[in-house]
């Protein structure tokens, strides 16, 4: 029985990983960071394990989560583009009216992100038990913390 569950989970994970990597490879200009595919695979494995997703849950959850992340990256990308333009400009030369407009635009990105999270929270609640949805948000933070810690450790080793 346990062997069968392990095989089923392995097959589900392989399916999910293949679909995720296919989606990333079809749009490489969106994700040109270092080892993005590796990080994505690690994140999928980490979340799947932390949430103890069943194969049935994983099959429904990952397409929805990937859609959510894609939209989130689009919002973040737009915000970063504006921030990049602002770094190239001298803020001191902008009028107050221009700064008000820019501040509202920046705030709108945070609003859009919050609306998106609320929208997908409802979708996640239709797929997963409520405790797993809460655990998802905690797990995402834990993953980001681990990623940052690993990056810092790597930087320290390279600088020594």
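The values are calculated or read from the model by the stated rules, or taken from the named source; none is laboratory data. The model shown is predicted, which means the values in this text are computed figures rather than measured ones. Using ideal geometry, Cβ is built from the backbone for each residue, glycine included, and neighbour counts are taken over all protein chains shown.
Restricting the first member to segment 96-110 and to residues that are closer than 9 Å to residue 79 by Cα, and the second to residues that are modelled with pLDDT under 95 and surrounded by 12 or more Cβ atoms within 10 Å (Cβ to Cβ), the beta-carbon pairs closer than 7 Å and six or more apart or on different chains are 105/82; 106/82.
Looking only at residues of segment 60-72 that are free of Cβ contacts under 8 Å to residues at least 60 places away in the same chain and touching a helix residue (DSSP H, G or I) at 6+ places or on another chain (Cβ under 7 Å), we find that the one that is surrounded by the most Cβ atoms within 10 Å (Cβ to Cβ) is 62. So for segment 80-102 (the condition being part of a loop (DSSP other than H, G, I, E, B), under 15 Å from the mean Cα position of the chain (by Cα) and at pLDDT below 95), does at least one residue qualify? No: zero hits.
Take the conditions in contact with a helix residue (DSSP H, G or I) (Cβ under 9 Å, 6 or more places away or on another chain) and surrounded by 12 or more Cβ atoms within 10 Å (Cβ to Cβ) and apply them to residue 126. Does it pass? Walk me through it before giving the result.
Working: in contact with a helix residue (DSSP H, G or I) (Cβ under 9 Å, 6 or more places away or on another chain): yes; surrounded by 12 or more Cβ atoms within 10 Å (Cβ to Cβ): no.
It is false that residue 126 is in contact with a helix residue (DSSP H, G or I) (Cβ under 9 Å, 6 or more places away or on another chain) and surrounded by 12 or more Cβ atoms within 10 Å (Cβ to Cβ).
Looking across segment 45-59, the residues that are within 14 Å of residue 136 (Cβ to Cβ), surrounded by 15 or more Cβ atoms within 10 Å (Cβ to Cβ) and more than 12 Å from the chain's Cα centre (by Cα) come down to 46, 48, 50, 51, 53, 57, 58.
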